[in-house]
Amino acid sequence: MHSTFMVKRSMVHIQRGCSFGALVVLLLLPLFQMAHTQRVTCQHECIPLRQCPQLVRLLSNATPENIAALQRVTCSFRNREPTVCCPRNTNLLPRNCGESSEVFRIIGETEAPLGSHAWMAVLGYRAVGSSTTEFLCGGSVINERYILTAAHCVLESVLGNKKLEVVRLGEWDLTTDPDCARPYIGPGSCAPSVQDFTIEEIIPHPNYNTRVKFSDDIALIRVSSPIDISGFWVRAVCLPPQNIDVANRSTNEPIAAGWGFTENGTTSNRLLHVELPFVDHSQCNATYRGDIVNEQICAGVWAGQDSCGGDSGGPLILSGPRGPPYLQIGVVSYGPTNCGQQSVPGVYTYVTHYRNWIEEKLRP
């Protein structure tokens with residue numbers, strides 16, 4: 001919706017009254033035969049031109065050089081609109097990411113230290129006719145405009161009469177603001193006030209829940225104003241490279257964090273985190289009767305140690321051998337109805353399989 005508006009606005013000075021489809025056909029169709037002959041090689045999925053802001057900008061300034069550049073990345077035509085090999089937005093992901101010295105302070109399922117997991121987001125919802133905001137899902141900051149979460153946390157078909165209203169960052173205790181460490185030892189032990197952001201765009205994965213239960217359970221939220229990720233209290237988490245088998249290459253256990261239900265059946269007002277051992281894919285698939293695909297990863301085997309309802313959309317992170325930077329390898333997706341059962345792991349969307357999808361959806 002937003003990209004369409006941007007395209008229409010940028011085209012006005014080229015040919016007022018000309019539709020997007022007619023315009024691109026006019027400019028690019030004479031070049032398509034050459035592009036087809038050259039068989040453009042794209043390392044990822046070709047997408048409609050209108051979904052690639054970088055190339056739309058070239059079309060808005062239709063010089064011979066820019067048209068030639070567009071021709072070189074044109075894959076095919078679909079419904080009178082070209083599909084293109086859109087450049088990945090790798091440069092939109094920050095290099096300074098995943099920093100935290102506090103995450104290692106963890107024993108079992110514990111209260112996370114104030115200032116740890118600075119990439120954590122908590123998503124607030126409001127039911128139709130209600131004035132109360134409920135914080136029901138988690139997420140993670142991946143750059144200054146985007147939050148990574150689960151598709152089932154943002155889709156209207158899942159949310160029913162609830163609507164996602166706010167993304168909150170810099171949170172620790174949902175009942176206090178500002179948050180202060182316990183015990184209080186002076187002004188330096190308190191965090192700044194939380195930051196609330198409204199939503200500009202929601203991008204769920206198009207294949208969510210189409211293969212197996214909760215398959216492709218991943219989504220992006222673009223917030224309406226930039227996030228300051230340069231400080232101590234709000235930071236971006238790192239994303240793993242595409243298709244790296246993180247689980248079999250790491251000797252560390254991943255860590256899940258959130259404000260979800262505890263083993264006592266109550267939600268936590270304070271951020272909790274827990275170490276969860278990886279579970280072999282075939283073993284997890286047997287537990288869930290064949291409903292696990294390669295793009296899902298499983299973790300957690302001990303009774304009382306699990307992510308749970310309310311943690312959905314939050315990150316599963318992994319440290320390097322010496323600690324930071326932390327990689328987000330999973331998104332909390334689903335698990336047994338009664339969380340924390342012995343030998344019944346939780347299921348997470350395996351982020352490494354979605355790195356390219358994420359980069360293709362980011363825009364400045």
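The values are calculated or read from the model by the stated rules, or taken from the named source; none is laboratory data. No experiment lies behind these values; they were computed from the predicted model shown. Every residue, glycine as well, gets a Cβ built from its backbone with ideal geometry; the counts of neighbours run over all protein chains shown. Note: areas computed on protein heavy atoms with side chains; ligands, DNA, RNA excluded. Shrake-Rupley method; radii C 1.70, N 1.55, O 1.52, S 1.80 Å.
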- In nm, what is the difference between 0.36 nm times the number of residues separating Glu45 and Ser225 and their Cα-Cα distance? 61.9 nm
- Task: May I ask you to derive the FRET efficiency for Arg57 and Leu92 from their Cβ-Cβ distance with R0 = 22 Å, giving the value to the nearest 0.05?
- Result: 0.90
- Query: Using modelled backbone amide H atoms (1.01 Å from N, in-plane), which distant-in-sequence or interchain residues come within less than 5 Å of Gly138's amide H?
  - Reply: Leu123, Ser312, Gly313, Gly314
- Task: Order the peptides 76-84, 224-232, 347-355 from the highest to the lowest mean number of other Cβ atoms within 10 Å of their residues.
- Result: 347-355, 76-84, 224-232
- Message: As a test question: what accessible area, to the nearest 10 Å², does Ile255 have when a 1.4 Å probe is rolled over all protein chains in place?
- Response: 10 Å²
- Message: What is the distance in Å between the Cα centroid of segment 114-143 and that of segment 180-248?
- Response: 9 Å
- Message: Please list 3J(HN,Hα) in residue order for segment 112-118, calculated via the Karplus relation 6.51 cos²θ - 1.76 cosθ + 1.60 where θ = phi - 60°; whole Hz, with x for glycine and proline.
- Response: 5, x, 4, x, 7, 6, 5
- Message: At a 10 angstrom cut-off on C-beta neighbours, averaged per residue, how do the peptides 117-127, 199-209 rank from highest to lowest?
- Response: 117-127, 199-209
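Within a Cβ distance under 13 Å of Ser215, other residues only, what is the Lys/Arg minus Asp/Glu net charge?
On the way: positive: Arg211, Lys213; negative: Asp216, Asp217, Asp291, Glu295.
That works out to -2.
Set the Förster radius R0 to 25 Å, insert the Cβ-Cβ distance between Thr251 and Arg211 as r into 1/(1 + (r/R0)^6), and round the FRET efficiency to 0.05. If you can, show how the numbers build up before the last one.
Values: r = 31 Å, r/R0 = 1.24.
The computed FRET efficiency comes out at 0.20.
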- Just tell me which aspartates and glutamates come within less than 16 Å, Cα to Cα, of Lys213; anything on the same chain fewer than 8 places away is out. Asp291, Glu295
- Scattering from the C-alpha atoms of segment 128-207 alone, worked out with Debye: what is log10 I(q)/I(0) at q = 0.20, 0.25 1/Å? -1.00, -1.32
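Pop the C-beta distance of Glu156 and Arg78 into the FRET formula with R0 = 22 Å and round what comes out to the nearest 0.05.
Values: r = 27 Å, r/R0 = 1.22.
It comes to 0.25.
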- Message: Using a Cα-Cα cut-off of under 12 Å, which aspartates and glutamates could be cross-linked to Lys162, ignoring same-chain neighbours fewer than 8 residues away?
- Response: Glu134
